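Undergrad: Please find one structure pasted underneath; my questions will follow.
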Amino acid sequence: MRLLLRKARILDPSQGLDLEGDILIEGGRIAALDREIPPPEGCEVLEARGLWALPGLIDMHVHLREPGEEWKEDIESGTTAAVAGGFTAVACMPNTRPPNDSPEVTRYILSRAREVGRARVWPVACISKGQAGQELAPFGELQEAGAVALSDDGRPVADSGLMRLALEYAASFELPVISHAEDPGLSAGGQVNEGPVAARLGLKGIPAEAEAVAVFREVRLAALTGTPVHIAHVSTALSVEILRRAKEEGLPVTAETAPHYFTLTEEAVLDYNTHAKVNPPLRTETDREAVRQALAEGVIDAVATDHAPHSPLEKEVEFPAAAFGLIGLETAVPLTLNLVREGLISPLRLAELLSTAPARILKISGGTLKPGSPADVTLVDPELTWVVTEEALHSKSKNSPFLGWEMRGRAVLTLVGGEVRWRLR
Amino acid sequence: MGVDFPHRHLLEIGPLSAEDIWTVLHTARNLKEVLQRPIPKVPTLRGKVVANLFFEPSTRTKLSFERAAKVLSAEVLNFSARGSSLEKGENLLDTVRNLAALGPDLFVIRHGASGAPHFVARKTGIPVINAGDGFHEHPTQALLDLLTVWEKKGDFQGLKVAILGDIRHSRVAHSDILAFRKMGAEVWVSGPGTMLPPEREALGARVTRRVEEALEGADVVMALRVQKERHGRPLFPSWHEYARFFGLNRRGLSRAAKGALLMHPGPINWGVELAPELEDFPGQVILEQVENGVAVRMALLLLLLKAAEA
């Protein structure tokens, strides 16, 4: 199949490109990229004027819930939501049932992903067996089976000694380690951000320090072991300051945040809205602003959604009984575009945050439109307006705090290896 | 009764204006007269059904609501979590949808989860009175406390109210702070550091680590029970130490203003938050609080059921 995308605004941070031009796709790869490419004979031509062509977006932090919690999401519905949101690849966290702490589970995930044939799936495996925080999982065998990174996401590694061992052992395989940074003693029983909103609702708070203390630990362990650490879902100004210092020191630390942390504040849970119950919790306006600045300045490297589907069984309950987490795959593009419209980041930086940086951190393919690379391409209409409704979402679960919001910007075409995996309408 | 009470539910103190609170207090005071009659029963709510849903243990609040409903001739359905299908694994939503199908006109709900009454109100649309949710609020307790203070002191303006003990886990303290401040009183809270709210979370109360400072010149002193069941991990080393350093006794109360009232929402642990010698303290109004509870709940049933009819 040959396809020519014509007159798109091409944004490729890997080549420093921001230009209007054409992209020729052939044999599943980017064949050429130039200001003007004459259409070869028999080639499908797509007029892309006004659209942005980005290296396929990569969500480095999602929960696909398969195996074990398929009533919330499965690999098919989750990767369908991914391509509909413009993501050509996702990295799925290991807190499934059973958790992804064995090569069998890793292989199962990869074989299901191949069968359903939507987005690429990069499994993240457990740091500790059963995510129990006691013994290391078999990193080597997991890598051999296809795992690209390690994390006990959803459960912090409480024991600093074990985290140190994990970094030292991961270094042998050059596997990135992703930290869900949380001090469980400080967050125990917490429901929402600690502060006036928690007090007003009579809910136990999770202080910003629960995250910051753990971020600081990971930064020092990265220094101690010389091994890179990636911090997941940064939510607080305190963490941003610690990361800023770490980067100034030249330590091998990277970080991601999620659109809900740069869009919403703790006010979203007023009225006991369980769709806004998430861990780490939505924070204050000061935190939100710090996270936004950190994205602009490069202190935070990537945007990932922490897509966490839950069904009404987990969400249509009294607030303290509700599960943490919200879905994000299909709203990340317009919410990140808001940062561009507000003048905080450039379109090129958006492509960096959502594609090139995640590829670099996870050391996976993608994040580029260089000729010769696989044709993972996302075409975005930055102006298209649409309303988030349950019907509009492809995820099996509808636990979005953005239901009813009017969004601006949407993926209109998602190509994975040159194949059309999503086309709007 | 042609009074205007613009609320469908009583979930928390926040949405009530001072005027709304005055309406409740005046209505309650008028209804107290009914309770003094030889046959304390009026037909006002005949044919109405009040469902008491108690998902947590309660003695006085549950009986108080039941008595209030019966004096007004309403039917009462009683539900308690123990022995119910909740123990068979039914979730809250299913439980209340089923109870809603029985056709009650109003739910009275106590639940261990903050926000549970809000959830039921949203899901069923039936008027809800919050009878205590988690460590969020207990608004009818605050209203009966207001009634008691109003009867004794005549007004709220300029009063100093001191609330002592486990402030952080007390839904009573939460509602009382909001309610007394709304009516013009000044509220101070004190207790052990592990049970105090951080300053920025004090809901407008003055926080002090020194119990004496809270007591100094107080017109109303309210002691709270230690909510040990909500702590998770121990927040103080022993009952003995608690009583010695944070319990209330005559010597402490001597700092309060002349004629100060001593209140407690119950149940009381004598010898812990209150020294036994305070049982005959002249300003002790603990049983009057209980009595006023019936009148306040009668007023609320009346106001909400009439508002729902309108």
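Undergrad: Which whole-Hz couplings ³J(HN,Hα) result when phi for each residue of region B:91-104 is put into the Karplus expression 6.51 cos²θ - 1.76 cosθ + 1.60, θ = phi - 60°, listed in order with x for Gly and Pro?
TA: 8, 4, 4, 4, 4, 6, 5, 5, 5, 4, 5, 6, x, x
Undergrad: Here's something else I'd like to know. Please list, by residue number, every one of the trypsin sites (Lys or Arg not before Pro) in region B:5-100 that is coil in DSSP and has at most 13 other beta-carbon atoms within 10 Å.
TA: Passing sites in region B:5-100 are B:Lys41, B:Arg46, B:Arg82.
Undergrad: I would also like to ask the following. Any chance you could list the semi-axes, whole Å, largest first, of the equivalent ellipsoid that the Cα gyration tensor gives for the protein assembly as shown, using √(5λ)? Please list the in-between numbers first.
TA: Numbers: eigenvalues 642, 161, 98 Å².
Semi-axes from the Cα gyration tensor: 57, 28, 22 Å.
Undergrad: Between B:Arg233 and B:Leu35, what length in nm is gained on full extension when 0.36 nm per residue of separation is reduced by their alpha carbon distance?
TA: Details: separation 198, 0.36 × 198 = 71.28 nm, distance 4.35 nm.
Difference between extended and current length: 66.9 nm.
Undergrad: Additional query: Considering every residue in B:195-201, what mean count of other chain Cβ atoms within 10 Å of its Cβ is obtained? Don't jump to the answer; show the numbers that get you there.
TA: Numbers: counts 0, 0, 3, 6, 0, 4, 8.
The shielding value for this peptide is 3.
Undergrad: Using Cα atoms only, what is the angle between the long axis of helix A:237-248 and the major principal axis of chain A, expressed in degrees (0 to 90) to the nearest 10?
TA: Value to nearest ten degrees: 70.
Undergrad: Work out the mean other chain Cβ neighbour count within 10 Å for the residues of A:308-318 and drop it here as an integer.
TA: On the way: counts 0, 0, 0, 0, 1, 2, 0, 0, 5, 6, 16.
That works out to 3 on average.
Undergrad: What's the FRET efficiency of A:Asn273 with A:Val116 using the Cβ-Cβ distance as r and R₀ = 51 Å, to the nearest 0.05?
TA: On the way: r = 32 Å, r/R0 = 0.63.
Plugging the Cβ-Cβ distance into 1/(1 + (r/R0)^6) gives 0.95.
Undergrad: Hey, another quick one. Just how many pairs of Lys in region A:56-362 have C-alpha atoms closer than 24 Å, counting pairs that are eight or more places apart or on different chains? Present the calculation step by step, with values, prior to reporting the outcome.
TA: Details: A:Lys72/A:Lys129; A:Lys72/A:Lys277; A:Lys72/A:Lys315; A:Lys204/A:Lys277; A:Lys204/A:Lys315; A:Lys277/A:Lys315.
Lysine pairs meeting the criterion: 6.
Undergrad: In percent, how large is the relative contact order of region A:56-362, given Cα pairs closer than 8 Å and 6 or more residues apart? Please list the in-between numbers first.
TA: Values: 662 pairs, mean separation 52.0, N = 307.
After rounding, I find 17 percent.
Undergrad: Mind pulling the angle between the C-alpha long axis of helix B:171-182 and the longest principal axis of chain B? Nearest 10 degrees, somewhere in 0 to 90.
TA: Relative to chain B, helix B:171-182 is tipped by roughly 90 degrees.
Undergrad: Also: Nearest 10 degrees, 0 to 90: what angle lies between the long axis of helix A:103-116 and the longest principal axis of chain A (Cα atoms)?
TA: In chain A, helix A:103-116 runs at an angle near 40 degrees to the longest axis.
Undergrad: Please work out how much length the chain gains when fully extended from B:Ala308 to B:Asp94, using 0.36 nm per residue of separation minus the C-alpha to C-alpha distance, in nm with one decimal.
TA: Numbers: separation 214, 0.36 × 214 = 77.04 nm, distance 2.38 nm.
Gain on stretching B:Ala308 to B:Asp94: 74.7 nm.
Undergrad: Also, quick follow-up: How many nm is it between the label spots at A:Arg423 and A:Glu249, if each spot is 7 Å from the Cα in line with the beta carbon?
TA: Label at A:Arg423, label at A:Glu249, 5.2 nm between them.
Undergrad: A further question follows. Send over the Kirkwood Rh of region A:56-362, from the inverse of the averaged 1/r over different Cα pairs, rounded to one decimal Å. Each step should come with its number before you reach the end.
TA: Values: mean 1/r = 0.0525 Å⁻¹.
So the Kirkwood estimate lands at 19.1 Å.
Undergrad: Within 10 Å, count the other beta carbons around each residue, average over each peptide in A:21-31, B:108-118, and list them highest first.
TA: Values: A:21-31: 19.4, B:108-118: 26.0.
Listed from highest to lowest mean packing, they are B:108-118, A:21-31.
Undergrad: Let's test the formula: R0 of 35 Å, r as the Cβ-Cβ distance of B:Lys258 and A:Gln293. What FRET efficiency results, to the nearest 0.05? Walk me through the intermediate numbers first.
TA: On the way: r = 57 Å, r/R0 = 1.62.
Step by step, r from the Cβ atoms, then E = 0.05.
Undergrad: Out of every Cα-Cα pair in region A:329-418, what percent are more than 19 Å apart? Intermediate results must be reported in sequence, preceding the final value.
TA: Working: 1911 of 4005 pairs.
Result: 48 percent of Cα pairs exceed 19 Å.
Undergrad: Something else about it: Kindly provide the helix-only [θ] at 222 nm of the protein assembly as shown, computed as the sum of -39,500 (n - 2.57) over DSSP H runs of four or more divided by all residues, to the nearest 500 deg cm²/dmol? It would help to have the intermediate numbers written out before the result.
TA: Working: 24 runs with 245 residues, N = 735.
Taking each H run of at least 4 residues, the total per residue is -10000 deg cm²/dmol.
Undergrad: Give me the net charge for the shell around B:Val76: Cβ to Cβ below 14 angstrom, other residues only, Lys and Arg +1, Asp and Glu -1.
TA: Working: positive: B:Lys41, B:Arg46, B:Lys48, B:Lys62, B:Arg67, B:Lys70, B:Arg297; negative: B:Glu66, B:Glu75, B:Asp105.
Neighbour charge sum, excluding B:Val76 itself: +4.
Undergrad: Apply the Kirkwood formula to region B:177-249: the hydrodynamic radius equals the inverse of the mean of 1/r over all pairs of different alpha-carbon atoms; give it in Å with one decimal. Before the final figure, lay out each step's value.
TA: On the way: mean 1/r = 0.0744 Å⁻¹.
With all distinct Cα pairs of region B:177-249 included, I get 13.4 Å.
Undergrad: Positive end of the dipole of chain B, charges at C-beta (+1 Lys, Arg; -1 Asp, Glu), about the Cα centre: which of B:Thr59, B:Ser80, B:Ala299 has its Cα farthest in that direction?
TA: Comparing the listed Cα positions along the dipole, B:Ser80 ranks first.
Undergrad: Hey, another quick one. Per residue of B:127-134, what is the mean number of Cβ atoms on other protein chains within 10 angstrom of that residue's Cβ?
TA: So the per-residue partner count for this stretch is 2.
Undergrad: Once you put a point 7 Å from the Cα of B:Glu277 and another 7 Å from the Cα of B:Ala101, both along the Cβ direction, what distance in nm separates them?
TA: 6.0
Undergrad: Which FRET efficiency value, to the nearest 0.05, do you get for A:Ser365 and B:Ser85 by plugging their Cβ-Cβ distance into 1/(1 + (r/R0)^6) with R0 = 41 Å?
TA: Details: r = 54 Å, r/R0 = 1.31.
Calculated transfer efficiency: 0.15.
Undergrad: Can I ask one more? Taking Cα centroids, how far is region A:205-254 from region A:152-198 in Å?
TA: Here the two parts' Cα centres lie 11 Å apart.
Undergrad: How far is the Cα center of region A:1-23 from the Cα center of region B:243-292, in Å?
TA: That distance is 77 Å.
Undergrad: Sticking with this structure for a sec: Taking Cα centroids, how far is region B:176-222 from region A:54-70 in Å?
TA: Rounded to whole Å, the Cα centres lie 49 Å apart.
Undergrad: Once you keep just the Cα pairs under 8 angstrom separated by 6 or more residues, what percentage relative contact order results for region A:131-246? It would help to have the intermediate numbers written out before the result.
TA: Values: 163 pairs, mean separation 28.4, N = 116.
Computed over region A:131-246, the figure is 24 percent.
Just so you know, all these numbers are worked out from the coordinates, no wet-lab data involved. Small disclaimer: the values here were computed from a predicted structure and weren't measured. Virtual Cβ from ideal backbone geometry, glycine too; neighbours counted across all protein chains shown.
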